[in-house]
Every structure is written in structure tokens, then in C-alpha cells.
Amino acid sequence: MRRHPAALLICLAVTGLFTSPLLAQNTAGGWKEYSYSADGFAVSAPAAPAFTRQDQPTGTGPVETHNYAIELGHNSGVMISAAQVQSMKSDSVKTNLQNAKEGAIRAVNGKLISEHEITLQGIPGIEFEAANDQFHTRVRMYLLNKRLITMMMIAPREAAYAAGADRVFASFKLLGVAGK
């Protein structure tokens, strides 16, 4: 079975990454911008995102994935993942983003609720919403310099997204865009 970095991100969130003691964050302070130039993005959050690194086998070889979790309370929050993609099935960014979306939804036995194309700083992307029996998620994916950058807000199935999740999404910036 072929694994996609985006699918791994969703699996991490569903299996309890947001309930981990590692992520107990103090959100009493003010919001601040955190920049990760090596992974191609910057984002504002109430506390520094918790970082984890994973090496995962895929159909095209091992992929090192960097995950950044922002816990926003009530088993919900935002995760950002960056993975250097060594090879892709297609030269089409749109096709590769569709493949990543489909792999992510399939990995969690999810159902696609909606999707549309998006653009950030001139870089094409895809936004979609999906759900399964346990959670619902809104995901944005971009492919920049062969790096798949995925941002996901997640919450329990019957709960609203956490306060602050839209603010994190709105603050997100891609870095290194000039070098497309």
C-alpha cells in the first residue's frame, strides 16, 4: 500500500497527538509568529508549536516528515506538516495535490465533504473538508519546491473547531516562494 505524507499527518492527529502530555501548552500568553524557513512556512499561534519528526516508508521511498502541532483545547487544534517529496507520479501540481488528498482521506476511512482549489502567495493549493466517525477536519495543501506542506484543523466529530483555529489558518505564510 502506498502511503502519502498527508495521510500520515491525519493519522497522527486521529491517534491522539492532541491529547499527548507533550503538547500541554500555555496559551495564556499573547500570539506570536513562528517561522520555520527550512520547512517553508511561518504561522502565528498562542504558543510555540510542538515539533515531532517521523521517517515513513512510502511507495516512492522513505519520507522524512516534520509535524508541528498547536493544541487549542478540547481535543482539537491545528497541525502543520512538511515533507520533502522525492518523486511524484505526475509533473502536474494539481494532480499531485489530488493524489495527496485522496491518500489522506483513504488512510482514515474518511468521507470527503467539500473541496476547492486555493492559492496562497501565487502558489496553487487545495482545501478540503473530510470526516469519519470520530473527527472532522479542514485541510489545506500546497506543493512548494517539491515539499508538500499540509495544514489541518481537526476536532471531534460533533464539536466545532477550536477558537483560534481560523486565526492560525489566516496567519499561515509560505516562505521561499520566490524560488518556485
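The values are calculated or read from the model by the stated rules, or taken from the named source; none is laboratory data. Small disclaimer: the values here were computed from a predicted structure and weren't measured. Because the Cβ atoms are built from the backbone with ideal geometry, glycine has one as well, and the counts that use them run over all protein chains shown. In case anyone asks, the SASA skips ligands and DNA or RNA and just uses the protein heavy atoms, side chains included. Shrake-Rupley method; radii C 1.70, N 1.55, O 1.52, S 1.80 Å.
Heavy-atom accessible area with a 1.4 Å probe sorts TYR161, TYR142, largest first, into TYR161, TYR142. Plugging the Kirkwood radius over Cα pairs into Stokes-Einstein for the range 38-180, at a temperature of 20 °C and a viscosity of 1.002 mPa s, what D comes out in µm²/s? My calculation gives 138 µm²/s for D. Taking 7 Å steps out from each Cα toward its Cβ at ASN132 and GLN86 produces label points 2.7 nm apart. Placing TYR68, TYR36 in order of accessible area, with the largest value first and a 1.4 Å probe, yields TYR36, TYR68. The H on the amide N of ALA162, modeled in the peptide plane, is under 5 Å from the matching H of GLY77, each at least 5 residues off or on a different chain.
At 37 °C and 0.692 mPa s, what whole-number value in µm²/s does Stokes-Einstein give for the translational diffusion of the range 37-108, with Rh from the Kirkwood sum over Cα pairs? Estimated diffusion coefficient is 233 µm²/s. Note on THR119: accessible area is roughly 100 Å² with a 1.4 Å probe, heavy atoms of protein only. In this simple spin-label approximation, ALA163 and ALA42 carry label points 7 Å from Cα along the Cα→Cβ vector, and these lie 2.7 nm apart.
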